[in-house]
Amino acid sequence: MIKAIVMGCACLVVSSMTPEEIERFELFNPTAIILEKENGKSFSIQLDEGPGSLTNDCASFSRTTTADGKATITILLDPDADDKLALVQKQIGPSLLKLNELEEQMMVQKEKLQEMEDSAYALITQM
């Protein structure tokens, strides 16, 4: 489950995945990191250099992690905003919902991801 933590003038979005897990999905099951919506629009996850970003179309996670290795996005907030929680809800609330739904979909696919990696590995030999 996604977490958004407001700290001072920043919001830290914390994934339930590590950057390594996101990379594995990008390599072996890229369709699992795309959430297709009925209206033809999609939402996806990727890794990015820098602080990352969260838009209506994509969550670009930083390679900077939490202490337990989870991928993060750092979003700077207006330091003059009185209610930073309301600001976060307004600015990224819908994107957080999409991201959470996509990560739930990915969690279901994690076992299949391991099977795909194992199948690829079984095809490789060394002489």
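List of remarks:
- The value of relative contact order for the chain, using C-alpha pairs under 8 Å at least six residues apart, is 28 percent.
- Under 5 Å, built H, 5+ apart or other chain: amide partners of Ser44: Leu35, Cys58, Ala59
- Three-way shape call for segment 1-64 based on the alpha-carbon gyration tensor, with the a/c threshold at 1.5: oblate
- Ranked by how many other Cβ atoms sit within 10 Å of their own Cβ, fewest first, the residues Val13, Val88, Val6, Val108 fall in the order Val108, Val6, Val88, Val13.
- For segment 63-77, backbone nitrogen atoms closer than 11 Å to the point 7 Å from Glu49 Cα along Cα-to-C-beta are found at no residue.
- For the peptides 29-37, 98-106, 119-127, the ranking by mean Cβ contacts within 10 Å, running from highest to lowest, is 98-106, 29-37, 119-127.
- Cα point-scatterer Debye curve for the chain, base-10 log of I(q)/I(0) at q = 0.09, 0.22, 0.23 Å⁻¹: -0.29, -1.28, -1.36
- For the chain, the number of Lys pairs with C-alpha atoms closer than 16 Å, counting only pairs eight or more positions apart or on separate chains, is 8.
- Sum of side-chain charges, Leu77 neighbourhood, beta-carbon under 13 Å (Lys, Arg +1; Asp, Glu -1): -2
FYI, it's all coordinate maths here, none of it is from the lab. Keep in mind that what you see is a predicted model, and the values were worked out from it rather than measured. Cβ sites come from the backbone with ideal geometry, for glycine too, and all protein chains shown count toward neighbours.
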